[in-house]
Amino acid sequence: MKKRLTFFTCLAICIFSQLHSQDRLSGKSFSTRSEVMATHGMAATSNPLATQVAIEILKKGGSAVDAAIAANAVLALAEPSMCGPGGDLFAIVWDNKLKKLSGLNGSGRSAMKMTLEYLRSKNYSAIPSRGALSVSVPGCVDGWFELHDKFGKLPMADLLTPAINYAREGIPVGQEIADNANYIYLTQRDVIDRYYNFKKLYMPGGKFPLKGEIFRNPDLANTLEKLISGGRDVFYKGDIAKSIVDHIQAQGGFLSLQDLASHHAQWVDPVSTNYRGYDVWEMPPNGQGIAVLEILNILEGFDMASFGYGSPEHIHYFTEAKKLAYEDMAKYYGEPNGQNIPVAELISKSYAAERRKLIQPDKAGIYEPGPVSPAHTVYLTVADKDGNMISLIQSNAALFGSLEVPTGLGFVLHNRGASFDLTTGLINSYVPGKRPFHTIIPAFVTKNGKPWLSFGVMGGDMQPQGHVQILLDLIDFKMSLQEAGDAPRINHLGTLPVRGHVSNPGVIQLESGFSYETIRSLMLMGHQVQYGYGIYGGYQAIMVDGNVYHGASDPRKDGQAAGY
């Protein structure tokens with residue numbers, strides 16, 4: 001009897017496992033954890049300490065924007081490879097009183113005195129990805145103050161003090177940050193060894209801290225204290241500005257006091273398209289957000305729900321739509337700077353209908369790929385008791401950005417300037433005083449004029465792909481908020497053009513969880529498939545359902561969603 005019971009138990013487990021697999025592929029995937037739900041407020045960030053600080057600020061009466069700034073400051077300590085005062089920032093804010101969305105472009109411009117002629121005289125075919133030449137004006141701090149001036153309720157001292165305290169006391173290093181730091185040292189040790197200030201700050205004792213070791217950053221604490229007493233001007237016109245400029249110019253760069261003093265974030269209107277009754281909002285260029293809208297418009301012409309999650313049709317049509325949108329990205333996306341970017345046409349239904357005609361149902365197309373620009377980023381979202389919400393993304397670009405650490409400031413400067421193209425006549429061609437093309441994009445969704453979803457997916461060129469997949473999971477495949485984050489993802493990698501043309505359709509990276517039958521079908525269509533390893537991003541989200549907030553956090557990150 002005991003053996004028979006064991007046999008039937010094993011049989012039940014096998015049947016359940018098979019049903020689990022079938023349910024996941026049909027869109028009824030089981031998540032490893034439930035959504036977080038609350039009524040007073042919600043925060044979702046990529047680090048639990050940052051999430052908890054955001055909740056503390058909300059409990060003190062702070063706004064969603066207040067809590068987001070406080071969380072971002074903590075992330076500057078907890079995830080220094082990803083973000084910090086030396087990076088750029090974008091945000092979309094829902095003002096529940098005005099029933100209106102506002103977008104903030106907090107990206108900085110290239111140095112006015114760095115010319116294309118100089119770069120060519122040094123025989124650069126591209127701006128070096130590390131070092132002083134890759135540094136454009138960091139817009140994060142100005143972004144904090146712009147957001148605070150418009151939507152803040154608590155004094156800036158309340159928002160930055162938690163990060164200051166953590167920076168002095170130290171925090172345990174998380175698994176992902178430890179892995180990233182040690183990976184970069186293993187692969188770029190010769191480069192890192194040239195940056196003394198960087199090694200002094202982030203490699204005390206000659207190595208990056210390991211998981212669980214305590215990391216302190218009193219220099220960052222001092223910088224944040226200066227922001228409390230001196231405001232944003234101390235960063236862009238005062239002592240901090242002078243330290244940044246002195247360091248960059250000593251390392252052969254061109255960033256000047258005038259470049260910093262003239263910087264200001266820009267308030268813009270987000271742009272949108274309607275996908276099956278949901279208004280999806282993204283930031284206009286110089287970022288890649290409108291690729292999300294173009295992909296959705298193309299996919300709206302296919303019955304994605306009938307195909308089912310994880311089917312060959314789901315992955316095929318998604319990939320082809322992505323390729324078409326990224327082809328346009330390569331040609332049209334960047335800082336306008338006097339050039340015309342046909343945003344309205346690119347995100348129109350009629351344009352998508354024409355592009356959709358190019359897709360064959362059973363064959364991988366060959367399209368020109370979008371630019372390859374790996375980026376490392378933090379995304380966070382917060383909602384408060386008054387119904388206000390913020391979708392915020394902040395980045396150093398590459399892991400630890402430029403590797404340039406100005407003496408005594410406690411943060412690394414980003415290397416977003418390396419994404420400029422040194423070929424003339426392109427939308428992203430290098431020009432002094434110009435914003436570079438950006439990969440970081442926050443997103444927001446409304447339905448019938450009311451907030452429905454604030455979300456983002458970190459991960460460089462993966463971000464538009466990630467946004468679309470989350471929306472397909474939620475809208476077409478009827479997943480819950482957490483299931484949409486847990487479901488296996490797709491990342492299509494483009495290939496470099498040869499004489500203006502692409503020799504193959506690129507590579508589809510599939511995260512573990514898709515069936516071998518689907519993979520075989522895709523390969524028969526002509527797709528190249530890699531299974532398992534890849535870049536699949538990191539997701540945080542808050543959904544509004546009546547008076548209840550739902551929060552979700554990506555299991556691929558060290559993050560947390562929490563409410564009160």
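Remarks
- Flag for Thr377 being at pLDDT below 95 and closer than 29 Å to Arg120 by Cβ: no
- Selected residue [at positive phi and in contact (Cβ under 8 Å) with a residue 12 or more places away in the chain] from Gly433, Gly425, Gly417: Gly433
- Filtering the range 314-329 for residues that are over 23 Å from Leu522 (Cα atoms), of a type outside the set (D, E, K, R), at pLDDT below 95 and in a helix (DSSP H, G or I) leaves a non-empty set.
- Boolean, Thr439 is modelled with pLDDT under 95 and either of a type in the set (Val, Ile, Thr) or more than 24 Å from Asn274 (Cα to Cα) (or both): yes
- Screening Gly277, Gly231 for residues that are within 30 Å of Gly417 (Cβ to Cβ) and of a type in the set (Gly, Ala, Ser) leaves exactly one candidate, Gly231.
- Of all residues making up the range 448-460, the number that are surrounded by fewer than 24 Cβ atoms within 10 Å (Cβ to Cβ) and either modelled with pLDDT under 90 or of a type in the set (Ser, Thr, Tyr) (or both): 1
- The range 440-493 holds strands (runs of 3 or more DSSP E) entirely within its bounds, and those carrying 2 or more residues that are of a type in the set (Phe, Trp, Tyr) and closer than 28 Å to Leu98 by Cβ map to 450-458.
- No other residue among Ser311, Ser348 is among the hydroxyl-bearing types (Ser, Thr, Tyr) and surrounded by fewer than 19 Cβ atoms within 10 Å (Cβ to Cβ) apart from Ser348.
- Taken over the range 169-200, the criterion of being closer than 16 Å to Val412 by Cα and assigned to a helix (DSSP H, G or I) is satisfied by Ile177, Asn180, Ala181, Ile184, Tyr185, Val191, Ile192, Tyr196, Asn197, Phe198, Lys199, Lys200.
- Residue within the range 473-489 that is at pLDDT below 95 and in contact with a Gly (Cβ under 7 Å, 6 or more places away or on another chain) present: no
- Scanning the range 399-441 for residues that are surrounded by fewer than 24 Cβ atoms within 10 Å (Cβ to Cβ), of a type in the set (A, V, I, L, M, F, W, C) and closer than 25 Å to Tyr202 by Cα gives Leu399, Ala418.
- Filtered residue count, the range 201-223, keeping only those that are within 30 Å of Gly238 (Cβ to Cβ), assigned to a helix (DSSP H, G or I) and either in contact (Cβ under 8 Å) with a residue 24 or more places away in the chain or in contact with a helix residue (DSSP H, G or I) (Cβ under 9 Å, 6 or more places away or on another chain) (or both): 8
- Residues (more than 19 Å from the chain's Cα centre (by Cα) and on the phi > 0 side of the Ramachandran plot) located in the range 78-129: Lys99, Asn123
- Qualifying residue in the range 260-277 (condition: part of a helix (DSSP H, G or I) and surrounded by fewer than 19 Cβ atoms within 10 Å (Cβ to Cβ)): yes
- Some residue of the range 130-144 being in contact (Cβ under 8 Å) with a residue 24 or more places away in the chain, in contact with a helix residue (DSSP H, G or I) (Cβ under 7 Å, 6 or more places away or on another chain), surrounded by fewer than 19 Cβ atoms within 10 Å (Cβ to Cβ) and of a type in the set (Lys, Arg): no
- Test: residue in the range 178-196 that is over 17 Å from Ser402 (Cα atoms) and touching a Gly at 6+ places or on another chain (Cβ under 9 Å): yes
- Of all the numbered requirements in (1) within 19 Å of the chain's Cα centre (by Cα); (2) of a type outside the set (Gly, Ala, Ser); (3) farther than 22 Å from Lys59 by Cβ, Val74 misses one, and that requirement is (3).
- Strands (runs of 3 or more DSSP E) (entirely within the range 12-126) containing at least 2 residues that are at pLDDT 95 or above and in contact with an Asp or Glu (Cβ under 8 Å, 6 or more places away or on another chain): 100-106
The values are calculated or read from the model by the stated rules, or taken from the named source; none is laboratory data. Quantities reported herein were computed from a predicted structural model and do not represent experimental measurements. Neighbour counts are summed over all protein chains in view; Cβ atoms, including those assigned to glycine, are modelled from backbone coordinates with ideal geometry.
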